[in-house]
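Reviewing the structure listed below.
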Amino acid sequence: MDKDLYNIAVKVFLEDGKGNLLITKDRFGDFDLPGGRLLPDDFSVPLEQVVERKVREELGSSIHYTLGEPVVFMRHERDEILADAKKGKRRIFAIGYKALYQGGDIALGKNHELHEWVQLKTFKPETYFTGGWLLGVKEYMEKR
C-alpha cells in the first residue's frame, strides 16, 4: 500500500478579544484562516516562527498578536494547478493555533482579496468553509 503525501500548514484562529474571529478569502474564491504551507527551508524552523512569517505575508507587518497553543489539527483536500499545469488534488495537514489580536492594520497579501471579522456566537461556518477547513473551524468553535 502506498503512503499518502500531505503538504504541511500552520493556521491561526485569530480572535480579537470581543468574540470575533478573523477569516480571509483567497484569490481562488475559497475562505480560509490566516497561515499557510511550510516551505522546504522551514524544515528546521520552529513552527511558531513559521506562523509569524505566514501572518506577516498574509496580514501585513503592522499586525500584532499573541500566539497561543495548537488547538485543532485539520486535514483538507483542494483542487490546485499542479507543477505540470494540470488540475489536481492537494492534501494538506494543518496545525491550528489559537491567537489573540493585539492591534495593527490588516494589509492583505497578494494571495487574499478579503478579510472579515465574524462573531463566533452567531457564525455559521458552513456558509463560508468546506471540507477539512469546515471541520476544523467547527471543532475550534466547540472547544472554545
Problem - Unique residue being among the aromatic types (Phe, Trp, Tyr) and without any contact (Cβ under 8 Å) to a residue 12 or more places away in the chain when the list is Phe43, Phe13, Phe31 - result: Phe43
Exercise for the section: Please indicate, with yes or no, whether at least one residue in the range 108-129 is surrounded by 14 or more Cβ atoms within 10 Å (Cβ to Cβ), under 13 Å from the mean Cα position of the chain (by Cα) and in a strand (DSSP E or B). Expected result: yes
Completion exercise
Across (1) of a type in the set (Gly, Ala, Ser); (2) free of Cβ contacts under 8 Å to residues at least 40 places away in the same chain; (3) closer than 21 Å to Gly19 by Cα, Ala83 clears everything bar (3)
Practice task
Within the range 133-144, identify whether any single residue is in a strand (DSSP E or B) and crowded, with 17+ Cβ neighbours inside 10 Å, and answer yes or no.
Solution key: no
Exercise for the section: State whether the residues of the range 90-106 include one that is in a strand (DSSP E or B), surrounded by fewer than 14 Cβ atoms within 10 Å (Cβ to Cβ), in contact (Cβ under 8 Å) with a residue 12 or more places away in the chain and at positive phi. Expected result: yes
Practice task
Inspect all residues belonging to the range 53-76 and state whether any of them is of a type in the set (S, T, N, Q), under 20 Å from Gly17 (Cβ atoms) and without any contact (Cβ under 8 Å) to a residue 40 or more places away in the chain.
Solution key: yes
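Every residue, every condition in (1) among the basic types (Lys, Arg); (2) touching a strand residue (DSSP E or B) at 6+ places or on another chain (Cβ under 8 Å); (3) closer than 19 Å to Lys11 by Cβ; (4) at pLDDT 95 or above, yes or no:
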residue	(1), (2), (3), (4)
Ser61	no, no, no, yes
Ala94	no, yes, yes, yes
Ala99	no, yes, yes, yes
Leu114	no, yes, yes, yes
Thr122	no, no, no, yes
Glu126	no, no, yes, yes
Gly131	no, yes, yes, yes
Practice task
Kindly indicate which of Ile8, Ile23 is of a type in the set (Val, Ile, Thr) and either within 17 Å of His112 (Cβ to Cβ) or modelled with pLDDT under 95 (or both).
Solution key: Ile23
Fill in the blank from the handout: Residue count, the range 1-41, condition in a helix (DSSP H, G or I) and touching a Lys or Arg at 6+ places or on another chain (Cβ under 8 Å), comes to 0
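The values are calculated or read from the model by the stated rules, or taken from the named source; none is laboratory data. Predicted model, so just to flag it, every value in this text is computed and none were measured. We place every Cβ from the backbone using ideal geometry, glycine too, and count neighbours over all the protein chains shown.
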